[in-house]
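To keep things clear, I will list the structure first and then write my remarks on it.
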Amino acid sequence: MGNESREGCGEIYLLVENDQWVHFRGHEEDSIKIWELLEAAHVSKKPGARFNAYDDLFNIRKQDDESLVDLGVRIEKAMQTIQNLRPADFTIAKLDAELQCMVLIRSLPEEYQHLSTSLLLKDKLDKSTILNAFRSDELNRQHHTQAESLNQAKAIKIQKSDQTGD
């Protein structure tokens, strides 16, 4: 191993907290591998993580006391976060599909928060998965509404029979 690689390993080793060493134990002499292992341990490249990063990016607004240059830097950092969360094989077609998924989830009102959360926890997120989840949720809500209506009808029937003495 060359001096530069040793210096790189040494520098990473010194900069990382002791409790993080567990992530690259056995690879202390390979700076590239150390970096890859630390990234794998700390950067979730799941669609939900990218969704949150895009949401953060699209919600950036200039602060009253912020210069336009500082705003630009903040936007650049947010974009860098998104780029770091992308898998190596990420393409424009995948971006288009992912953005469509994000809009589907983001369009849900607050009462669907449980559904949004469960979708964002998935390792793989595509339009068909989301639409299937939407269908399941609708069927569940319809079943629940029908069961409530049936229970209310039974309660009214019981109440009427109590009043008439049946």
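The values are calculated or read from the model by the stated rules, or taken from the named source; none is laboratory data. Quantities reported herein were computed from a predicted structural model and do not represent experimental measurements. Quick reminder, even Gly has a Cβ in these numbers, built from the backbone with ideal geometry, and neighbours come from all protein chains shown.
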Inset, instruction - Report yes if some residue within the range 79-93 is hydrophobic (A, V, I, L, M, F, W, C), within 15 Å of Pro47 (Cβ to Cβ), touching a Gly at 6+ places or on another chain (Cβ under 9 Å) and surrounded by 10 or more Cβ atoms within 10 Å (Cβ to Cβ); otherwise report no. - result: no
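Against the definition (within 27 Å of Leu139 (Cβ to Cβ), touching a helix residue (DSSP H, G or I) at 6+ places or on another chain (Cβ under 9 Å) and either of a type in the set (Gly, Ala, Ser) or modelled with pLDDT of 90 or more (or both)), how does Met102 come out, yes or no?
So Met102 fits the description; yes.
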Inset, instruction - Please name all residue pairs, on different chains or six or more residues apart, with Cβ atoms under 7 Å, provided the first residue is in the range 98-117 and is closer than 22 Å to Ile82 by Cβ and the second residue is surrounded by 10 or more Cβ atoms within 10 Å (Cβ to Cβ) and among the aromatic types (Phe, Trp, Tyr). - result: Met102/Phe51; Met102/Tyr54; Ile105/Phe51
Inset, instruction - Report yes if some residue within the range 114-125 is modelled with pLDDT under 90 and assigned to a helix (DSSP H, G or I); otherwise report no. - result: yes
Inset, instruction - Return the pairs, sorted by first residue and then second, in which the second residue is assigned to a helix (DSSP H, G or I) and hydroxyl-bearing (Ser, Thr, Tyr), the first residue lies in the range 70-95 and is in contact (Cβ under 8 Å) with a residue 12 or more places away in the chain, the beta carbons are less than 7 Å apart, and the residues are 6+ apart or on different chains. - result: Ile82/Tyr54
Legend entry - Condition met for Ile75 (at pLDDT 95 or above, within 19 Å of the chain's Cα centre (by Cα) and assigned by TED's automatic domain parsing to the domain that holds Asp126): no
Inset, instruction - Restrict the check to the range 134-151 and report whether at least one residue is outside any helix (DSSP H, G or I), surrounded by fewer than 12 Cβ atoms within 10 Å (Cβ to Cβ) and out of contact with any strand residue (DSSP E or B) (no Cβ under 7 Å at 6 or more places or on another chain). - result: no
